[in-house]
Amino acid sequence: MFFDSLGPDSAVLTVGQVTMHLRSVLLQDDILQDIWVRGEVSGSNLSRGGHLFFSLKDSDAVIKGVVWAPLSYRLRAQLAEGREVLAHGRVDLYPQQGVYQLYVDEVLPVGTGMAYLEFERVRTKLEAEGLFAQDRKRPLPAYARRIGVVTSAYGAARRDIENVLRQRWPCVELTLAESSVQGDGAPESIIAALKAVAAQGVDLIILARGGGDKEALWCFNDEQVARAIASMPVPVITGIGHETDFTIADFVADCRAPTPSAAAMAAVPDRREVMAAVGEWQRRLAQALRDGLAQRRTDLAHLSRVLQRSSPAYIAGTWRLVLDEATARLLR
């Protein structure tokens, strides 16, 4: 009865054709070709050829995964049995076994992995909006008179900034806006401090925090903090963590310094260098004045001689000599 229902236009496909059709559908899906999958590692097995085969599972389903050699040797430890991970890769279908699987090229622990994904989401979004563009960044004032500092009131960053400013440019006026720089509520505290210090009429702002682990610096990756930095009416310098630490706040700021002390150094000139430059300018000015006066004296002497030769007395004296010589010749 079933075969009797088949019409002349009914499609009859081979197993291979069905498999290839399903594979083409998977490969044309952009999401499945660049995907992060969260799950628990199960059945991890390194083959003789160095390829790592495993499964990712949760309470609802299982997906097979593979990491080709030699990348498998680097990711093997992270794909240990029972570990919950974030695996990045692409989904494809293996025709010989008729199964789809995840071809993995990166693995992250779930805790840091979720933070990394959020970091990348915010970074990509703000970069697309142009907040990181170099032509948006403003130059720092050469001689700032008032500097606003947003940091913890009791942290080492504040002391480092004050010490550097006192040594390099003691005439600057410092305005501190206390802020929480770690933990819950820190992004809101940073935003409020930025707005408060900007209202004080400062020439630039330093946003700083001392060193710490990536989790401690996470508030500086907050999207709203980044937007607050971009909206400031004056340039912003960030000095967050250590030299190797980069946050989204650094990407948005007009100037990124590796440490709070370096941020203070970027904010003001060194008075010793300025004094040396002023001394050099004084020396050059004095020399220019001496050279100018000497040239004016030379010009004056030349004009005096020209004026003397052009005067009536000089001309009359010249003709008097001519007349005396003519008289003498006449008498002889």
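For chymotrypsin sites (Phe, Trp or Tyr not before Pro), the sites in segment 56-118 that DSSP calls loop and that have at most 14 other Cβ atoms within 10 Å are Trp68.
Counting lysine pairs in the chain that sit 8 or more residues apart in sequence, or on different chains, and whose Cα atoms lie under 24 Å apart gives 4. Take the chain, connect every pair of alpha-carbon atoms lying under 10 Å apart with a spring to form a Gaussian network, then pick out the residue of Pro260, Pro139, Pro235 with the largest mean-square fluctuation. So, out of Pro260, Pro139, Pro235, the one fluctuating most is Pro139.
Here the Karplus relation 6.51 cos²θ - 1.76 cosθ + 1.60, evaluated at θ = phi - 60°, turns the backbone of segment 101-112 into coupling constants of 8, 9, 8, 9, 10, 7, 9, 10, x, 4, x, 6 Hz, with x for every Gly and Pro.
Computing FRET efficiency as 1/(1 + (r/R0)^6) for Arg83 and Asp270, where r is the C-beta to C-beta distance and R0 is 51 Å, gives about 0.45. To the nearest 10, the accessible area of Cys171 is 100 Å² with a 1.4 Å probe. Close amide-amide hydrogen proximity is noted between Asp254 and Val236, each under 5 Å apart and 5 or more residues distant or on a separate chain (H modeled in the peptide plane; Pro and chain starts excluded). Computed from backbone phi with θ = phi - 60° and the Karplus coefficients 6.51, -1.76 and 1.60, the 3J(HN,Hα) list for segment 204-221 is 7, 10, 10, 10, 9, 7, x, x, x, 6, 4, 5, 5, 8, 5, 4, 7, 9 Hz; x is used for glycine and proline. A DSSP coil position with no more than 16 other Cβ atoms inside 10 Å describes the following GluC sites (Glu not before Pro) in segment 85-139: Glu129.
What does the charge dipole of segment 107-195 about its Cα centre add up to, to the nearest 20 debye, if the Cβ of each Lys and Arg holds +1 and the Cβ of each Asp and Glu holds -1? Walk me through the numbers before you get to the answer.
Details: 13 positive and 11 negative charges, 93 e Å.
Approximately 440 debye in magnitude.
Backbone geometry of segment 84-98 corresponds, through the Karplus equation with coefficients 6.51, -1.76 and 1.60 at θ = phi - 60°, to 3J(HN,Hα) couplings of 8, 9, 10, 10, 9, x, 9, 9, 9, 10, 9, x, 4, 10, x Hz, x marking Gly and Pro.
Within segment 134-241, the chymotrypsin sites (Phe, Trp or Tyr not before Pro) that combine a DSSP coil assignment with at most 10 other C-beta atoms in a 10 angstrom radius are Tyr154.
Note on Val110 and Cys171: with the Förster distance fixed at 41 Å, the Cβ-Cβ geometry gives a FRET efficiency of about 0.20. Averaging the sequence gap over all C-alpha pairs within less than 8 Å and six or more residues apart, then dividing by the number of residues, gives the chain a relative contact order of 11 percent.
Only protein atoms count toward the accessible area here, which uses a 1.4 Å probe; on the chain, the carbon and sulfur part of that area reaches 57 percent.
The values are calculated or read from the model by the stated rules, or taken from the named source; none is laboratory data. These numbers come from a predicted model, not from an experiment. In this analysis, Cβ positions are derived from the backbone assuming ideal geometry, glycine residues included, and neighbour counts consider all displayed protein chains. Each accessible area value is taken on the protein alone, full model and side chains, heavy atoms only, with ligands, DNA and RNA left out. Shrake-Rupley method; radii C 1.70, N 1.55, O 1.52, S 1.80 Å.
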